[in-house]
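Structure first, commentary second.
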Amino acid sequence: MDMLRITDLHKRFGDKEVLHGLNLTVPEHSIYGFIGKNGAGKTTAMKTVLGLLKADSGEIFVGGEKVVYGQTSANQYIGYLPDVPEFYPFMTAPEYLRFCGEITGMKKAERDARLKELLELVGLGDEKHRIKGFSRGMKQRLGIAQALLNSPKLLICDEPTSALDPVGRKEILDILLTVRQQTTVLFSTHILSDVERICTDVAFLNNGVVETQGKLSDIKTKYRSEEYLLETGNDADIRKLIQAFPEMKQIGANQLIFCESVRSAFDLLRFVSEQHIVLLKFERMEPTLESLFMEVTQK
Amino acid sequence: MRSLFAFIKKEFTEQFRSGRLIILGLLFVLFGIMNPAIAKLTPWLLETMADSLAESGMIITDVKVSALDSWVQFFKNMPMGLIAFVLLESSIFTKEYTSGTLVLSLTKGLERYKVVVSKALVLTVLWSLGYWLCFGITYGYTAYFWDNSIAQNLVLSVVCWWLFGMMVVALMVLFSTVAKSNTGVLLGTSGVVLASYLVGLLPKCSKYLPTFLTDGNSLIYGLVETKTYMPSLVIAVATGVICFAISIPIFNKKQL
């Protein structure tokens, strides 16, 4: 089942069209990376899903329920973590979560149990101070706790790791991985290593449209290059190879790049075995998210 | 219902922990004590100034003060109390817009009208508590020093002033749902009150305007009939109700 479906979403601010025909489908129990440059429209898209912004046209369904601007009941399925979450500074972390539980109408016993469990999960179990004195990382963690409080079916995080140090980032990513069993996570980011670490699915957003989306593994396969890296022990072998396969590119002292477009990799391997060339390395070049991102955003 | 109570509780906690509740309390208590105190001290003040006044040709004879002087002070000081109240509470909505704290509550499914109702209720309670506390203190001291019974229509005059304050509260709520910052709230609220005051300078219009309600002196001296206050009373209440009623649909469509 699809947890979130966005079809043909348009949104303009003044004369600037931020989203023009955004389509996005987020399957249940995925960790969905929503990737795009700053200003690509990630936050706008997310806020529209939450009913905080009015779409010019297009439809959004969360768990099968249509999202309307303003007072939207689809929000009951969603937990939201904004890029810079702001809480009431005069409360302590447990007080804030209790307040959240009360406004969502949770039962007292359930609320108190959940509150304790979540504060432990995000590592704020022993925190007695008011939120006023919290660091950015602590606020981000409290943000995840409040977003997960009423066990949402969809957790939307807007660049949860962008402003954090490496330790803080790791903590947030670990928490997101942990909660995957219970919920679907949609998170926007431009930090590609984060995506590579935890995401199952991705969508690349560029200039207000989703350029490509799907399972991370499928996308990697789709964009897999037909290039191989080849490394030998000595110069003589390199010369032999270049003579036989002039289309190869030399990229280092003993390294060559072979592209399958002209001849198959098996031809190369046959030649290597006939000539008794000792290979130190022979590997298929995996596309990195970075190269994918570049390819998608520069189209 | 539970979510409404939770939000109201949060509002009061905020008022208390931010110190605003205490400041407002002290302010209204101070005003309450000041009103009779100034009336009581007037003869003494004039006496100490008698010499310099005599030099400029004014001769102080026997100065008599009564309960009426204390109530004149009450109506003279109350605008300051109201202004302080508006200044202190003008950011009750807008602070949440600029900090983004409302977003999390609303995305949890809290109905928007509950935000408006909670905050309007808190403002109402604070204004009423402060006002009637001030009234109570002034009444007590005035009764102790003089005789309150010589003030005519005392109840009506103070109720009128309180209702005027309630209308200002409704204006604050309305402008808070329209404006993005508390400057907008202050400008809108004071703009309406100022307009009412200026138009009220025209004798033909004055008795239809809410600012007419602040003229408590005419009532306690018995200079005007009580029914003269009816049109402005009705208009002030209607304005308050309308402001509050339209602030809910406006807030429902507000971009946060």
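The values are calculated or read from the model by the stated rules, or taken from the named source; none is laboratory data. As the structure is a computational prediction, the values presented were derived from the model and not from experiment. Positions of Cβ are generated from backbone atoms using ideal geometry, with glycine treated the same way; all protein chains shown enter the neighbour counts.
Checking the structure you have, find out if any residue of region A:248-266 is in a helix (DSSP H, G or I), of a type in the set (Asp, Glu) and touching a residue at least 24 places away in the same chain (Cβ under 8 Å). Please lay out each step first, then the result.
First, pick out the residues of region A:248-266 that are in a helix (DSSP H, G or I): A:265-266.
The next check asks that each one be of a type in the set (Asp, Glu); those that pass are none.
No.
Which of the residues belonging to region A:215-234 are modelled with pLDDT of 85 or more and either touching a Leu at 6+ places or on another chain (Cβ under 7 Å) or exposed (fewer than 14 other Cβ atoms within 10 Å of the Cβ) (or both)?
We begin by selecting, within region A:215-234, every residue modelled with pLDDT of 85 or more; these are A:215-218, A:228-232.
Those that are modelled with pLDDT of 85 or more and either touching a Leu at 6+ places or on another chain (Cβ under 7 Å) or exposed (fewer than 14 other Cβ atoms within 10 Å of the Cβ) (or both): A:Ser217, A:Asp218, A:Leu230, A:Glu231, A:Thr232.
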- Note on the structure: In region B:47-80, residues that are over 27 Å from B:Phe28 (Cα atoms) and among the hydroxyl-bearing types (Ser, Thr, Tyr) total 4
- Message: Which numbered condition in (1) within 12 Å of another protein chain (Cβ to nearest Cβ); (2) under 19 Å from B:Leu104 (Cα atoms) is the only one that A:Lys107 fails?
- Response: (2)
- Query: Which condition breaks for B:Lys108 when tested against (1) buried (at least 22 other Cβ atoms within 10 Å of the Cβ); (2) more than 9 Å from every other protein chain (Cβ to nearest Cβ)?
  - Reply: (2)
- The residue from A:Ser30, A:Ser57 that alone is closer than 24 Å to A:Val195 by Cα, in contact with a strand residue (DSSP E or B) (Cβ under 7 Å, 6 or more places away or on another chain) and at pLDDT 90 or above is A:Ser30
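When you look at B:Val125, is it among the hydrophobic types (A, V, I, L, M, F, W, C), surrounded by fewer than 19 Cβ atoms within 10 Å (Cβ to Cβ) and either in contact (Cβ under 8 Å) with a residue 12 or more places away in the chain or in contact with a strand residue (DSSP E or B) (Cβ under 6 Å, 6 or more places away or on another chain) (or both), yes or no?
Numbers: among the hydrophobic types (A, V, I, L, M, F, W, C): yes; surrounded by fewer than 19 Cβ atoms within 10 Å (Cβ to Cβ): yes; either in contact (Cβ under 8 Å) with a residue 12 or more places away in the chain or in contact with a strand residue (DSSP E or B) (Cβ under 6 Å, 6 or more places away or on another chain) (or both): no.
It is false that B:Val125 is among the hydrophobic types (A, V, I, L, M, F, W, C), surrounded by fewer than 19 Cβ atoms within 10 Å (Cβ to Cβ) and either in contact (Cβ under 8 Å) with a residue 12 or more places away in the chain or in contact with a strand residue (DSSP E or B) (Cβ under 6 Å, 6 or more places away or on another chain) (or both).
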- Query: Of all residues in region B:49-66, which are surrounded by 12 or more Cβ atoms within 10 Å (Cβ to Cβ) and part of a helix (DSSP H, G or I)?
  - Reply: B:Ala50, B:Leu53
- Reported set for region A:92-113 where residues are in a helix (DSSP H, G or I) and either touching a residue at least 40 places away in the same chain (Cβ under 8 Å) or touching a Gly at 6+ places or on another chain (Cβ under 7 Å) (or both) is A:Ala93, A:Tyr96, A:Leu97, A:Cys100, A:Gly101, A:Arg111
- Output the residues belonging to region B:222-256 that are closer than 30 Å to B:Phe135 by Cα, surrounded by 13 or more Cβ atoms within 10 Å (Cβ to Cβ) and over 22 Å from the mean Cα position of the chain (by Cα). B:Val224
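Within region A:150-168, restricting attention to residues that are of a type in the set (A, V, I, L, M) and surrounded by fewer than 21 Cβ atoms within 10 Å (Cβ to Cβ), which residue is nearest to the other protein chains (Cβ to nearest Cβ)?
Start the filter on region A:150-168 by keeping residues that are of a type in the set (A, V, I, L, M), which leaves A:154-156, A:163-164, A:167.
Checking the rest, the ones that are also surrounded by fewer than 21 Cβ atoms within 10 Å (Cβ to Cβ) come to A:163-164, A:167.
Numbers: A:Ala163: 15, A:Leu164: 18, A:Val167: 25 Å.
Per the criteria, the residue is A:Ala163.
Just to be sure, is B:Lys119 touching a helix residue (DSSP H, G or I) at 6+ places or on another chain (Cβ under 6 Å) and either surrounded by 23 or more Cβ atoms within 10 Å (Cβ to Cβ) or within 30 Å of A:Gly105 (Cβ to Cβ) (or both)? Steps first, please.
Working: touching a helix residue (DSSP H, G or I) at 6+ places or on another chain (Cβ under 6 Å): no; either surrounded by 23 or more Cβ atoms within 10 Å (Cβ to Cβ) or within 30 Å of A:Gly105 (Cβ to Cβ) (or both): yes.
Here the answer is no, as B:Lys119 does not meet what is asked.
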- Query: Would region A:217-228 turn up any residue that is within 14 Å of chain B (Cβ to nearest Cβ) and in contact with a strand residue (DSSP E or B) (Cβ under 9 Å, 6 or more places away or on another chain)?
  - Reply: no
- Report whether or not B:Lys114 is within 14 Å of chain A (Cβ to nearest Cβ), under 30 Å from A:Gly51 (Cβ atoms), crowded, with 23+ Cβ neighbours inside 10 Å and of a type in the set (D, E, K, R). no
- Message: Looking at (1) over 26 Å from B:Thr101 (Cα atoms); (2) touching a Ser or Thr at 6+ places or on another chain (Cβ under 7 Å), which one does A:Gly64 not meet, given that it meets all the others?
- Response: (2)
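State yes or no: is A:Gly14 crowded, with 22+ Cβ neighbours inside 10 Å and of a type outside the set (D, E, K, R)?
It is false that A:Gly14 is crowded, with 22+ Cβ neighbours inside 10 Å and of a type outside the set (D, E, K, R).
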- Query: Looking at B:Lys95, is it within 14 Å of chain A (Cβ to nearest Cβ), out of contact with any Phe, Trp or Tyr (no Cβ under 7 Å at 6 or more places or on another chain) and either exposed (fewer than 15 other Cβ atoms within 10 Å of the Cβ) or within 30 Å of A:Gly79 (Cα to Cα) (or both)?
  - Reply: yes
- For B:Ile250, indicate whether it is within 17 Å of B:Ala120 (Cα to Cα) and within 14 Å of chain A (Cβ to nearest Cβ). yes
